[in-house]
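Just so it is clear, none of the values below were taken in a lab; they were calculated from the coordinates. For clarity, every value in this text was computed on a predicted model and none was experimentally measured. Every residue, glycine among them, receives a Cβ derived from its backbone with ideal geometry; neighbour counts consider all protein chains shown.
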Amino acid sequence: MPKSATAGQGTKHARASNGGKGTWKLRLYIAGQTSRSLAAIDNLRRICADHLDERYEIEVVDLVKNPGLARRDQVLAIPTLVRQIPAPAKKIIGDLSNVERVLVGLDVVKVKPEASAR
């Protein structure tokens, strides 16, 4: 079961590292409990559970509660997912409903050559 902690910066949901392969550190910026924000949280949890083999940590930052934290990762739109580790940092904007786009954007999977030739 994931650990949850509430802090001034957001909520973290930690998963155990898997065999020294490294832990993905993801930060999701949302704005309150809107349907779009809740969808992004649910979609991210599902994607991580299905594709990151319990090697991830998610921090959810609610900009309604802490608007100044948007400057940390230069967030201009919400929801925004920021992959902090592994480097380099990457950003994905939206509710994360397009699983393939999220996986490619996070470099979990590579773009297939025939798909990129279109």
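Count, please, the residues in segment 50-87 that happen to be closer than 12 Å to W24 by Cα and assigned to a helix (DSSP H, G or I).
If we filter segment 50-87 for residues that are closer than 12 Å to W24 by Cα, which is where we start, we get 51-59, 82-87.
Next, from what is left, pick out any that are assigned to a helix (DSSP H, G or I): 51.
So the answer is 1.
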Kindly check whether there is at least one residue in segment 40-48 that is among the small types (G, A, S) and either under 11 Å from Y29 (Cβ atoms) or part of a helix (DSSP H, G or I) (or both). yes
Could you say which residue among Y56, Y29 is among the aromatic types (F, W, Y), buried (at least 18 other Cβ atoms within 10 Å of the Cβ) and touching a helix residue (DSSP H, G or I) at 6+ places or on another chain (Cβ under 6 Å)? Y56
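State all residues of segment 88-105 that are assigned to a strand (DSSP E or B) and among the β-branched types (V, I, T); if no residue qualifies, say none. Before the answer, list the steps.
Going residue by residue through segment 88-105, those that are assigned to a strand (DSSP E or B) are 90-93.
Passing the criteria: I92, I93.
Return yes or no: is R71 among the charged types (D, E, K, R), more than 20 Å from L38 (Cα to Cα) and out of contact with any Phe, Trp or Tyr (no Cβ under 9 Å at 6 or more places or on another chain)? Give the derivation first.
Numbers: among the charged types (D, E, K, R): yes; more than 20 Å from L38 (Cα to Cα): yes; out of contact with any Phe, Trp or Tyr (no Cβ under 9 Å at 6 or more places or on another chain): yes.
Considered against the rule, which asks whether it is among the charged types (D, E, K, R), more than 20 Å from L38 (Cα to Cα) and out of contact with any Phe, Trp or Tyr (no Cβ under 9 Å at 6 or more places or on another chain), R71 comes out as yes.
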